Number of protein chains: 4
Amino acid sequence: MSGTLADQLRTAKVYDLEQPRFAGMPIYPTHKPGYFYALHRRHRDSYKPETSGPRTGASGSLFMMEHSGTHIDALCHQACGMKLYGDVPVEKVETTAGYLQLGIETVSPLLGRGVLIDVAGWKKQSPLPNKYSISADDLASCSKAHGVEIRTGDVLCVRTGYGSLWHDEAEYLRAAGTAKSGSLWAAERGVIAVGIDNMSCDIPEERDPETGTTLFGHYYLLPQKGIFIIENLNLEELARDRRYEFAFVGIPLKLVGATGSPIRPLAMVAPLS
Amino acid sequence: MSGTLADQLRTAKVYDLEQPRFAGMPIYPTHKPGYFYALHRRHRDSYKPETSGPRTGASGSLFMMEHSGTHIDALCHQACGMKLYGDVPVEKVETTAGYLQLGIETVSPLLGRGVLIDVAGWKKQSPLPNKYSISADDLASCSKAHGVEIRTGDVLCVRTGYGSLWHDEAEYLRAAGTAKSGSLWAAERGVIAVGIDNMSCDIPEERDPETGTTLFGHYYLLPQKGIFIIENLNLEELARDRRYEFAFVGIPLKLVGATGSPIRPLAMVAPLS
Amino acid sequence: MSGTLADQLRTAKVYDLEQPRFAGMPIYPTHKPGYFYALHRRHRDSYKPETSGPRTGASGSLFMMEHSGTHIDALCHQACGMKLYGDVPVEKVETTAGYLQLGIETVSPLLGRGVLIDVAGWKKQSPLPNKYSISADDLASCSKAHGVEIRTGDVLCVRTGYGSLWHDEAEYLRAAGTAKSGSLWAAERGVIAVGIDNMSCDIPEERDPETGTTLFGHYYLLPQKGIFIIENLNLEELARDRRYEFAFVGIPLKLVGATGSPIRPLAMVAPLS
Amino acid sequence: MSGTLADQLRTAKVYDLEQPRFAGMPIYPTHKPGYFYALHRRHRDSYKPETSGPRTGASGSLFMMEHSGTHIDALCHQACGMKLYGDVPVEKVETTAGYLQLGIETVSPLLGRGVLIDVAGWKKQSPLPNKYSISADDLASCSKAHGVEIRTGDVLCVRTGYGSLWHDEAEYLRAAGTAKSGSLWAAERGVIAVGIDNMSCDIPEERDPETGTTLFGHYYLLPQKGIFIIENLNLEELARDRRYEFAFVGIPLKLVGATGSPIRPLAMVAPLS
């Protein structure tokens, strides 16, 4: 490998892992209405060539929940026993405008190695069955079949195949997700983030008998392990090209105090690799 | 240089060029109210450990203009004679939900070489005087002094020094900006984007006598040359370290039809370079 | 009748014609997402009795379309051949923040006589069949059966019975509405407003063969006759009590430039009448 | 007095007590950004006369705080020792979407007698001096001079004269307001609501030494006495005509769970009175 970092970025093959954002895209009921963009400043409004010259501008306004579309969860998004990650009591850091600690603005860009575990492709069923629960065994067997090792510091991307259903909210919300054992397995590998092509990573209907929690992955990864969750990825193209290992770039916005951020993650592969 | 692209990204020194986003950050009058985030789902709201287990979630809602904070302009943001870039008539592509062509979702991630022209540092006056108009001569002389060449495909970052005044809207809105000659000079170099640490790139009060336009850079770069504009960069740390050449990563969100996107651009330098 | 106006208002029986407003109430697809309220300033946030005393405040933010819930349409809401009421060309008065003429802030409070034509009650089918088209004959026969005369200056309230389905968007959007002949009949009577207990007054699927227009009532009443339309009324209690004639109070908010306003209309009946 | 209630409403002289609503109107810092309306559906967008007929529609979206502009406070807006009116514990009724009790949707329309105490007119200083604190003595002496008695069930309107400064936020926020003694006096009279032509009824800088509370009126009237507060009235015309007694009509919207509502109150006087 040679050339400057800039050269390598410029010439890399880039996979865009973000779903398009539009009013009507799937959204978890808790986060309705999700997303709305309205163009209100129109070019015509300011077009007065005689007095103001030929130039005009247009722009709009955006109303959105931070957990709409492809997004990353901040650590303050989830609590366990009213404690955030690092045993920070919720009450100490919660304000009307967001959190004083562990807000999304504190998250460094995710830059490093990414791996894809294409469960749907490996099982030759894409998408996976509705509410299929991806276990540690699935992840271990599938990554072995791919010949890819998960390492400390990786961003782990799990594919259910539901990313192809982004225009069908009803079906998208019935997606497969990670089982408790899958979340534990990922954490044991030391990944810094788990990304997935569904709405809630976990399967909303599942409840862990041991802890009594729903959304075990949210319960375990964010407040207990400090591992980020990225949802609503589009992993279709990556799977089609069988790219199981890549450079991952995921850059949250610094929305001060917010519990998450929209994100457009990229997977990059050097031209000759 | 060696190692995989992932290794290089992981070990690079990263400069964060985004200003933090919060209600009350500077905003151009046209784009008021700019930004508002409210936390409304609180952890306490769903904390019922006996029946629902120990986990709770929190989240909020965001109201923002797409030209608030550090952001990139889509080509549809500006028109000249009611034509967008490529002579696309505004009327053909304008809808209530944004533009059918040249919306921000059509912009590929900006990945490649970035250069800094630190005009404020070079003139030893940071920030530059209010409304100081940065000319082609300034850019040429300053880049020469830095020993940095601007090449086709670069992202050109111009520093006025006003990035240090992000908490002072009144003063920030009196920032220096690029003169007509500066915008022409940048376009001649073949850059793909011009970034700057002020609100409007151009100086709002300046009007070009030849064309009658205000905001000459907006008039020329976007609808005529297809060159993107990035505003409200934070170039302070980059300037302090005298990093005039770097890998640039700027990834707009795919807000379908929108005229711009918030962005958190990064400048990266390989560890040994 | 005796006593001051204040006494009479105080002692009148009051019928509340507004539907409750909440996220998830029915909304016409064009006006999605309709309504969203989030409480974000909580009492707990500012509760510091030692230093700030015992008082605390709470408040929220509201995102809504002006045509959500029970609302009144401004004359600028509809145009015919790009002309507003009074032949005002749309282009002359349209701005990014609304209309310079005929905005809702120009509408005086509606204070006077109201009449109810309870078509659903009269036909002994409440609600009326889906998409039932209420004709001039229906209105004439029904008002005759009620023994109520429609006079110049009245607010005419037409009941389809769908007001009882406010919690069921799918069914509510299949409501009965006024036919072309019904709108013509109302205008001939000289009413100042037509109110109805459905989403769009007209039946969206109907198209007038003569003019080619959809929503004939919107086409005719607002831009051609200057008659206001009030939608999503709750006329259930009024119908139950067979109040076909009453004092009507409808007070739009002065949202400058807006095309409509939420409204809580009242029907009032003097105690002994 | 004769004629039906409808006739009387129709022929009454009406005073409009609402200030116009627009982006940039004064707003209390806590409730920034206050109000924003954007027209985004334009008539031109759907104008296709050949295929869709001559009719077109326009509409917009509204982002607002419920305590912006002329508005009424719900009882849940203020708490004392974390208790709402009637000793309702905040924690029992607070949700992410507002309050389960004492929300603005529970407030009946205010219909009855209104009285004006024009302190600014009586003192022949309109507006009153900045931050002038209106005492019980002021209210008693002024109402006596007006020859108007305050009765149980009245809506009491207090005029500072700052309603004439609605276009000047800085000056408007320095308005006169009610002193502690003024709030106590109003409550003793048994009024159901106190309205005023300023932003916060009380003077924000004042703190009651006895209870340690700021905004004594908010502390006392809402959570302890169940008396509503209406802010940002326009009482200019009423004062000019020396109308000290009138019929009052104030109708909050039923924003479920919200802590207040925009309102357009009216004062009405029978034609011959």
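The values are calculated or read from the model by the stated rules, or taken from the named source; none is laboratory data. The structure presented is a predicted model; accordingly, all values stated were derived computationally and were not measured. Every residue, glycine as well, gets a Cβ built from its backbone with ideal geometry; the counts of neighbours run over all protein chains shown. Heads up: the accessible areas ignore ligands, DNA and RNA and are worked out on the full protein's heavy atoms, side chains in. Shrake-Rupley method; radii C 1.70, N 1.55, O 1.52, S 1.80 Å.
Given the criteria open to solvent by 40 Å² or more (accessible area, probe 1.4 Å) and under 30 Å from D:I104 (Cα atoms), does C:T106 qualify? Reasoning before the result, please.
Numbers: open to solvent by 40 Å² or more (accessible area, probe 1.4 Å): yes; under 30 Å from D:I104 (Cα atoms): yes.
Yes, satisfied.
Say whether the condition of being of a type in the set (D, E, K, R) and more than 22 Å from C:R243 (Cβ to Cβ) is met by at least one residue in the stretch C:134-153.
Yes, some residue in the stretch C:134-153 is of a type in the set (D, E, K, R) and more than 22 Å from C:R243 (Cβ to Cβ).
Going by the structure shown, is D:G53 within 24 Å of C:P54 (Cβ to Cβ), more than 24 Å from the chain's Cα centre (by Cα) and at the interface with another protein chain (Cβ under 7 Å from one of its Cβ atoms)? Steps first, answer last, please.
Details: within 24 Å of C:P54 (Cβ to Cβ): no; more than 24 Å from the chain's Cα centre (by Cα): yes; at the interface with another protein chain (Cβ under 7 Å from one of its Cβ atoms): yes.
Spelling it out, it is not the case that D:G53 is within 24 Å of C:P54 (Cβ to Cβ), more than 24 Å from the chain's Cα centre (by Cα) and at the interface with another protein chain (Cβ under 7 Å from one of its Cβ atoms).
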Restricting to the stretch C:225-252, give me the number of residues that are more than 13 Å from the chain's Cα centre (by Cα) and either over 26 Å from C:C142 (Cα atoms) or among the hydrophobic types (A, V, I, L, M, F, W, C) (or both).
4
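Please work out if C:E171 is in a helix (DSSP H, G or I) and over 17 Å from C:C80 (Cβ atoms).
Details: in a helix (DSSP H, G or I): yes; over 17 Å from C:C80 (Cβ atoms): yes.
For C:E171, the condition - in a helix (DSSP H, G or I) and over 17 Å from C:C80 (Cβ atoms) - is met.
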Positions within the stretch B:141-162 being more than 20 Å from B:G250 (Cβ to Cβ) and open to solvent by 40 Å² or more (accessible area, probe 1.4 Å), in sequence order:
B:S141, B:K144, B:A145, B:G147, B:E149
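Against the definition (away from chain A (no Cβ under 13 Å), charged (D, E, K, R), open to solvent by 10 Å² or more (accessible area, probe 1.4 Å) and outside any strand (DSSP E or B)), how does C:E91 come out, yes or no?
Values: away from chain A (no Cβ under 13 Å): no; charged (D, E, K, R): yes; open to solvent by 10 Å² or more (accessible area, probe 1.4 Å): yes; outside any strand (DSSP E or B): yes.
Answer is no for this residue.
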Looking only at the stretch D:163-183, count every residue that is surrounded by fewer than 18 Cβ atoms within 10 Å (Cβ to Cβ) and either farther than 15 Å from D:P129 by Cα or at pLDDT below 95 (or both) and tell me the total.
4
Could you say whether any residue in the stretch B:60-81 is open to solvent by 10 Å² or more (accessible area, probe 1.4 Å), without any contact (Cβ under 8 Å) to a residue 40 or more places away in the chain and touching a strand residue (DSSP E or B) at 6+ places or on another chain (Cβ under 8 Å)?
no
Could you check, for the stretch D:31-54, whether at least one of its residues is open to solvent by less than 10 Å² (accessible area, probe 1.4 Å) and touching a residue at least 40 places away in the same chain (Cβ under 8 Å)?
no
Top-ranked residue in the stretch B:220-271 [being open to solvent by 10 Å² or more (accessible area, probe 1.4 Å) and among the acidic types (D, E); ranked as nearest to the other protein chains (Cβ to nearest Cβ)]:
B:E245
Residues that are facing another protein chain (nearest Cβ under 7 Å) and open to solvent by less than 40 Å² (accessible area, probe 1.4 Å), drawn from the stretch A:4-15:
A:L5, A:A6, A:Q8, A:L9, A:A12
Given (1) of a type outside the set (S, T, N, Q); (2) outside any loop (DSSP other than H, G, I, E, B); (3) out of contact with any helix residue (DSSP H, G or I) (no Cβ under 6 Å at 6 or more places or on another chain); (4) buried (at least 17 other Cβ atoms within 10 Å of the Cβ), index of the condition D:V191 fails
(2)
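Would you confirm whether or not the stretch B:115-131 contains a residue that is among the charged types (D, E, K, R), farther than 23 Å from B:L233 by Cα and touching a helix residue (DSSP H, G or I) at 6+ places or on another chain (Cβ under 9 Å)?
First, pick out the residues of the stretch B:115-131 that are among the charged types (D, E, K, R): B:118, B:123-124, B:131.
Subset that is farther than 23 Å from B:L233 by Cα: none.
Scanning the stretch B:115-131 turns up no residue that is among the charged types (D, E, K, R), farther than 23 Å from B:L233 by Cα and touching a helix residue (DSSP H, G or I) at 6+ places or on another chain (Cβ under 9 Å).
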Look at B:E18 and say whether it is acidic (D, E) and either within 11 Å of chain D (Cβ to nearest Cβ) or crowded, with 18+ Cβ neighbours inside 10 Å (or both).
yes
Can you name the residue in the stretch D:121-134 that is without any contact (Cβ under 8 Å) to a residue 60 or more places away in the chain and not in a loop (DSSP other than H, G, I, E, B) and is also nearest to C:P20 (Cα to Cα) among such residues?
D:I134
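Check whether at least one residue in the stretch C:99-110 is among the polar types (S, T, N, Q), facing another protein chain (nearest Cβ under 9 Å) and not in a loop (DSSP other than H, G, I, E, B), and report yes or no. Break it down into steps so the answer makes sense when it comes.
Step one: list which residues in the stretch C:99-110 are among the polar types (S, T, N, Q), which gives C:101, C:106, C:108.
Subset that is facing another protein chain (nearest Cβ under 9 Å): C:108.
When the remaining residues are screened for being not in a loop (DSSP other than H, G, I, E, B), the result is none.
Checking the stretch C:99-110: not a single residue is among the polar types (S, T, N, Q), facing another protein chain (nearest Cβ under 9 Å) and not in a loop (DSSP other than H, G, I, E, B).
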Hey, among D:D137, D:D118, which residue is crowded, with 20+ Cβ neighbours inside 10 Å, in contact (Cβ under 8 Å) with a residue 40 or more places away in the chain and among the charged types (D, E, K, R)?
D:D118
Quick check on the stretch A:162-176. Is at least one of its residues closer than 29 Å to B:E50 by Cβ and touching a residue at least 24 places away in the same chain (Cβ under 8 Å)?
yes
If a residue has to be in contact with a helix residue (DSSP H, G or I) (Cβ under 7 Å, 6 or more places away or on another chain) and either over 20 Å from D:I72 (Cβ atoms) or within 14 Å of another protein chain (Cβ to nearest Cβ) (or both) to count, how many in the stretch D:194-205 make the cut?
3
